[in-house]
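Here is the structure we will look at, set down as structure tokens.
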């Protein structure tokens, strides 16, 4: 393959992703649970202490654009495009044009990114910033004469990744420690630039830690609060899921083999470069640290997926496997990912129908009056109805509001007989959605 052919492959991959992203933007249902939390915080209706301020700022841009679901998801879509560009830049700078083309081609067909990337959540936008920062570090530190002043640009990239998703703190720490171990001589060659990069990052993160001390009395209080939110049954539950889940369903038909090749590249077919060790260490480190702390979700490890794909693509090229039949598999992967978008979004829509029916019933009955909704699944209802939300319990104290509603849906059922036996049930037109108004 020539350089021109390589670039055509990269552009074709980007085009395939654009098709899938546009389709996802058009067919996704109303805001999902996590999306609704960010949107509510952006609109100023409610807030949760564990929400990352950067992700709320991204949602605020979507509210400014109009606040429709597709408008809220438009900004994350731009970040995913940036993630693909950062992937191409990282791979091209470290391994060459051909590896970059194959890496982007595989990432563009990775269904976790295709199906979930445009959702109004923090994972993909933060991953885009983090991969960009990792690229700057690897490119600058791999120079024989030491890093240029461009090294300092990694600091705002890492700070942005942190403010968008605080859960990426372990990855940032692993990146810094691994870089210091692998390239300590290069860092020592240009100490002023190294010190400047660290100082800029510290200055950018200082507002968070000051606010954390004011709010919790501890510099790490906010991080500890956010870390406790994802549910897990036991320590390491996520790691077990990352290692034992069906890799083709979990990571993607293209991504899973490429990730395995990325791990294999550490030992074969030639001694790995420092950059290869760097990227693979960060990827494995993210999977292990997040796996110990939370349940597994592919979107949590977008960075690991991308980095292992880049390293795996280098093995594909250096081993001479980048052939036409492999390209046919890649194109088939794009087609499969695109074909999965509409069925996946219809699946999400079916799960959302009871909440949508409940929200429409409440909005119609409230008629613009102030209201409060009580139940177990609140963010979606609060966003759609503009009601305040509260957990439904017996002898509950209602926040101020002219109308009070109870909601029971399959994803959050309540026993109205023990909470408000005299409440009046309203018709929702959906057997799975039950709504009551307090007398």
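Coordinate-derived values only; no laboratory data. What you see is a predicted model; the values in this text were computed from it and never measured. Every residue, glycine as well, gets a Cβ built from its backbone with ideal geometry; the counts of neighbours run over all protein chains shown.
Take the alpha-carbon centre of the range 181-199, take the same for the range 249-309, and report the distance between them in whole Å.
Cα centroid to Cα centroid, the span is 26 Å.
Which order results if 20, 233 are arranged by neighbouring Cβ count within 10 Å, fewest first?
Going from sparsest to densest Cβ surroundings: 233, 20.
Which of the three applies to the range 234-366, rounded, prolate or oblate, going by the alpha-carbon gyration tensor with a ≥ b ≥ c and a/c under 1.5 meaning rounded?
Oblate, since a/c reaches 1.5 and b/c is not below a/b.
For the peptides 32-38, 140-146, what is the packing order when you average, over each peptide's residues, the other Cβ atoms within 10 Å and list the highest mean first?
My ranking of the peptides, most packed first, is 32-38, 140-146.
Which peptide among 345-351, 85-91 comes first, and what is the full order, when sorted by highest mean count of other Cβ atoms within 10 Å?
Result, highest mean first: 85-91, 345-351.
Can you give me the distance in nm between label points at residue 339 and residue 213, each placed 7 Å from the Cα along the Cα-to-Cβ direction?
Reported label-point gap for residue 339 and residue 213 is 5.8 nm.
Which whole-number percent gives the relative contact order of the chain, counting Cα pairs below 8 Å spaced six or more residues apart?
17 percent
With a 10 Å Cβ neighbour count serving as the proxy for reagent exposure, in which order, fewest first, do 278, 14, 79, 302 appear?
Ranked by crowding around the Cβ, least crowded first: 14, 79, 278, 302.
Using the 10 angstrom Cβ neighbour count as an exposure proxy, how do 265, 404 rank, fewest first?
Exposure proxy ranking, most exposed first: 404, 265.
At 0.36 nm per residue, and after removing the present C-alpha to C-alpha distance, how many nm does the segment from residue 439 to residue 264 gain when stretched out fully?
Computed gain between residue 439 and residue 264 is 56.4 nm.
Starting from the Cα-Cα distance between residue 329 and residue 349, subtract it from 0.36 nm times their residue separation and give me the gain in nm to one decimal.
The span from residue 329 to residue 349 would gain 4.2 nm if fully extended.
Between rounded, prolate and oblate, where does the range 352-437 land on the alpha carbon gyration tensor, with a ≥ b ≥ c its root eigenvalues, rounded for a/c under 1.5, else prolate if a/b exceeds b/c?
rounded
Rounded to whole Å, give me the distance from the Cα center of the range 126-157 to that of the range 313-369.
After rounding, the separation between the Cα centres reads 32 Å.
Give the percent of DSSP beta bridges with both residues in the range 364-439 that are antiparallel, rounded to the nearest 5.
Percent antiparallel among DSSP bridges in the range 364-439 is about 50.
Report the FRET efficiency, 1/(1 + (r/R0)^6), for residue 249 and residue 364, where r is their Cβ-Cβ distance and R0 is 56 Å, rounded to 0.05.
E between residue 249 and residue 364, to the nearest 0.05, is 0.90.
When ranked by the protection proxy of mean other Cβ atoms within 10 Å per residue, highest first, what sequence do the peptides 396-402, 417-423 form?
417-423, 396-402
Candidates [x] 1.02; [y] 0.95; [z] 0.98; which is the computed Rg/Rh (Cα atoms, Kirkwood Rh)?
Among [x] 1.02; [y] 0.95; [z] 0.98, the one calculated here is [x].
What FRET efficiency would be calculated for the residue pair residue 189, residue 64, taking the C-beta separation as r and a Förster radius of 41 Å, to the nearest 0.05?
Calculated value: 0.35.
Work out, step by step, the length gained on full extension between residue 415 and residue 393: first 0.36 nm times the residue separation, then minus their alpha carbon distance; give nm to one decimal.
In short, 7.0 nm is gained.
For the range 1-52, what does the alpha-carbon gyration tensor say about shape, rounded, prolate or oblate, given a ≥ b ≥ c as the root eigenvalues, a/c under 1.5 as rounded, and a/b over b/c as prolate?
Prolate.
Let me have the 222 nm mean residue ellipticity of the chain computed from DSSP H runs of 4+ only, each contributing -39500 (n - 2.57), with the sum over all residues rounded to the nearest 500.
-21000 deg cm²/dmol
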